[in-house]
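Bear in mind that the values in this text are calculations on the coordinates, not laboratory data. What you see is a predicted model, and the numbers here were worked out from it, not measured in a lab. Here the Cβ is made from the backbone with ideal geometry for all residues, glycine too, and neighbour counts use every protein chain on show.
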Amino acid sequence: MRSESGFTLTEIIFSVLILAGTMIPIAAMMGQGFEGTRRDQRQIVAIQLCQARLNQALAVSFDALVSSNASIASAGQVILPLGDVEIENFTFNVSLRVVERGVSYSFREVNVNAANYTVEDPTTWVFGPEETLNIPANVAKVATVVVSWIEHGAQQNVEMSTFKANLEL
């Protein structure tokens, strides 16, 4: 009697079915992970675009800084590009929202002429009475850059704001 070792065709088919049954869910999870990575990448691109446009908005003169969906130009040169921007085969819409706003804050002056005053030692600091400074609305603006895009049928937004003061008064 001769003994043959090896696998039967039935054993091989069952092994392939078990392997396929475990690989299908793993492949599906990899697809979801890839889509999540792409979504995160679009979010990062939108944040970087928003930050870049906010920095450019600070270069716009106080009087020219107004709400807009179209690019802002000065002397025929675009200084703040707004509107649709295509990056990595995806379209983002950039707009600027500006609101004039008064600012009010309280503070206490430090008496730097006190006898034992030392910059490095806060225990030697002598504070004056609380004062309030009110800045009228025509002196300060809040500029908000909004970057929006459509993803899976829903609008996504990234917004960043900064203050701009009229230093020419």
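Okay, residues lined up against (1) under 30 Å from residue 133 (Cβ atoms); (2) in contact with a helix residue (DSSP H, G or I) (Cβ under 8 Å, 6 or more places away or on another chain); (3) assigned to a helix (DSSP H, G or I):
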| residue | (1), (2), (3) |
| --- | --- |
| 14 | no, no, yes |
| 31 | no, no, yes |
| 63 | yes, no, no |
| 84 | no, no, no |
| 108 | yes, no, no |
| 112 | yes, no, no |
Next item on the list: Considering each of 74, 61, 68 in turn, give the residue that is in contact (Cβ under 8 Å) with a residue 24 or more places away in the chain, of a type in the set (Gly, Ala, Ser) and either surrounded by 12 or more Cβ atoms within 10 Å (Cβ to Cβ) or under 14 Å from residue 149 (Cβ atoms) (or both).
Entry: 68
Next item on the list: Look through 144, 123 and report the one residue that is surrounded by 10 or more Cβ atoms within 10 Å (Cβ to Cβ) and of a type in the set (Ser, Thr, Tyr).
Entry: 144
Margin query: Can you list residue pairs whose Cβ atoms sit under 8 Å apart, with the first residue in segment 83-110 being touching a residue at least 24 places away in the same chain (Cβ under 8 Å) and aromatic (Phe, Trp, Tyr) and the second being surrounded by 12 or more Cβ atoms within 10 Å (Cβ to Cβ) and in a strand (DSSP E or B)? Count only pairs 6 or more apart in sequence or on different chains.
Written below: 90/149; 92/85; 92/147; 92/148; 92/149
Next item on the list: Would you check if residue 162 is on the phi < 0 side of the Ramachandran plot and in contact (Cβ under 8 Å) with a residue 60 or more places away in the chain?
Entry: yes
